[in-house]
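Each remark here refers to the structure printed beneath this line.
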Amino acid sequence: MPKKYNLLIVDDEEPLRVILEGELSESDEFNVDTAADGGQAINLIQAKVYDLILLDIRMPRVSGIDVLKFVQEYSPTTQVIILTNYADVKTAIKTIKMGAYDFLAKPYDIDELFNTIHRAIERRQLFIDNKLMKSELTRKTGRAEIIGQSPAFLKLVESASRFAESDSFVLIEGASGTGKELIANLIHRRSPRSNRPFVAVNCASLPDSLLESELFGHEKGAFTNAYSTKQGLVEVANGGTLFLDEVGDISPAIQPKLLRFLETGEFRRVGGTNLLTVDVRVISATNKKLREEVSVGRFREDLLYRLNVITLQMPLLKERKEDIPILAEYFLAQKTKSRNVKKLAPGALKVLTDYDWPGNIRELEHILEGAVLLSKEDVIAGSDLSAHLHAAAPAAGAVLAPDPNGLEDLSLEEVEKRHIDLVLRKNNYNRAKTAEDLGISKKTLYLKIKRYGLLP
């Protein structure tokens, strides 16, 4: 059953308020609250995120205009429909200019009311989609399709689909480039929350102060340059799914605040005193072994237990090589700009299936993109791919052969240090390119450079 929308009726006329509540509560679409005056409405808005408010203009003490101004400042994604008498039409038009979605004159036609409500909810979703699209401009997104027919992958998809029906938190573990966000999106699309937002946050790409503000929002004046109130992504995701990518990179300073939110659904905006409550399902992903992070004190054990109510393990590409032909066909179709999609020669396909793919699906995508751009023929030969794979191998994050200087006798940390140093030098200390080649975030690379003293 789809997730219900939170709706608030604000009207000082009790008979009308009761009638509206009864009509709307009969629908399976809405959770309905009511307020008898503007002051009570503001208190409710400060404690709960509403999708829609039906707001009377003329009320004693705190008017509908005052409530509308508060909503525009405090919860700008909430849509407002003004309820008015015919005599107040001019005032109602004024509220449209202030940001209300529409107005309805009393007495209401119930069909017209429902139609207006549905349009307002659609507008809210478009507003949220636009907000998320802007935030995604700095985020690298992967493929949208779920592609695979290998037993390991089909088992993963079957498990994800089964877990989608519940509201339990899910932790997706797996190496970089295996498609963790795709599985998170699949769970959302097959869940009762599919009609609500899917909001993704890359925890590794944001410093602590910005991550807290992005997640929980901030009040006007909370810090320098906080010129207006900002809703956090947990509010934007209300009723839907919040995807915390690279959750293992969240710092110890933010972990207690995240834990409290996960346990109660409650949070405070940065610089705020009001306790807000939202209803979101949290799916998280990490390329780290969180139990090892717990053992060395970098990750809270109670937070791990809260996140991994259900755990899904992403298979490596080398564990699902049956999927390489169809993945390759998909990427070639995506990367070829002309109408004639380039094909793989039989020898080229053998090169792909013989390779171990330390960078997983992301590496396969990049290799094929390069082959499409550089090959002059419509058929990509095995020799073309061999050259690309040979060049890419050092940057894929793996030591391919025993080192003559005795790498097998070194600790894992020393091997990692030498490999990062090698890739940094290869890229002339370009951190963005090095992070991409290593399959880690720029923040993670920065911390490892500091840790190992890998300066030019």
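The values are calculated or read from the model by the stated rules, or taken from the named source; none is laboratory data. Source: prediction; values computed, not measured. Cβ: placed from backbone, ideal geometry, glycine included. Neighbour counts: every protein chain shown.
Would you mind finding the one in Q125, Q40 that is assigned to a helix (DSSP H, G or I) and over 18 Å from I9 (Cβ atoms)? Quick ask: steps written out before the conclusion?
Details: Q40 fails: over 18 Å from I9 (Cβ atoms).
Selected residue: Q125, the only one of Q125, Q40 that is assigned to a helix (DSSP H, G or I) and over 18 Å from I9 (Cβ atoms).
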Can you say whether D378 is under 23 Å from T353 (Cα atoms) and at pLDDT 60 or above, as far as the supplied structure shows?
yes
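Residue-wise test of (1) under 22 Å from F70 (Cβ atoms); (2) surrounded by 13 or more Cβ atoms within 10 Å (Cβ to Cβ).
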site	(1), (2)
I82	yes, yes
N85	no, yes
K94	yes, yes
K97	yes, no
K106	no, yes
F114	no, yes
E122	no, no
Q125	no, yes
Within region 192-208, residues being crowded, with 18+ Cβ neighbours inside 10 Å and either over 10 Å from the mean Cα position of the chain (by Cα) or outside any loop (DSSP other than H, G, I, E, B) (or both) number 11
The residue that is modelled with the lowest pLDDT, considering only those in region 128-149 that are small (G, A, S), surrounded by 11 or more Cβ atoms within 10 Å (Cβ to Cβ) and in a loop (DSSP other than H, G, I, E, B), is G142
Inter-residue pairs, beta-carbon under 7 Å, first of a type in the set (A, V, I, L, M) and in region 234-246, second in a loop (DSSP other than H, G, I, E, B), 6+ apart
V234/V278; V234/V280; V236/T77; V236/P197; A237/P197; A237/V280; L242/V280
The lone condition V62 fails out of (1) assigned to a loop (DSSP other than H, G, I, E, B); (2) touching a residue at least 40 places away in the same chain (Cβ under 8 Å); (3) closer than 22 Å to E219 by Cβ is (2)
Residue set V10, V49; condition crowded, with 19+ Cβ neighbours inside 10 Å, more than 19 Å from R123 (Cα to Cα) and touching a Gly at 6+ places or on another chain (Cβ under 9 Å); output residue V10
Across (1) touching a residue at least 40 places away in the same chain (Cβ under 8 Å); (2) among the aliphatic types (A, V, I, L, M); (3) in contact with a strand residue (DSSP E or B) (Cβ under 7 Å, 6 or more places away or on another chain), L16 clears everything bar (3)
Of the conditions (1) at pLDDT 90 or above; (2) in contact with a Ser or Thr (Cβ under 8 Å, 6 or more places away or on another chain); (3) part of a helix (DSSP H, G or I); (4) not polar (S, T, N, Q), V80 fails just one. Which one is it?
(3)
If you check S63, S27, which single one turns out to be hydroxyl-bearing (S, T, Y), in the same structural domain as I121 (by TED's automatic domain parsing) and loosely packed, with under 15 Cβ neighbours inside 10 Å?
S27
Considering only residues that are buried (at least 23 other Cβ atoms within 10 Å of the Cβ) and not in a helix (DSSP H, G or I), which ones fall in region 345-377?
W357, G359
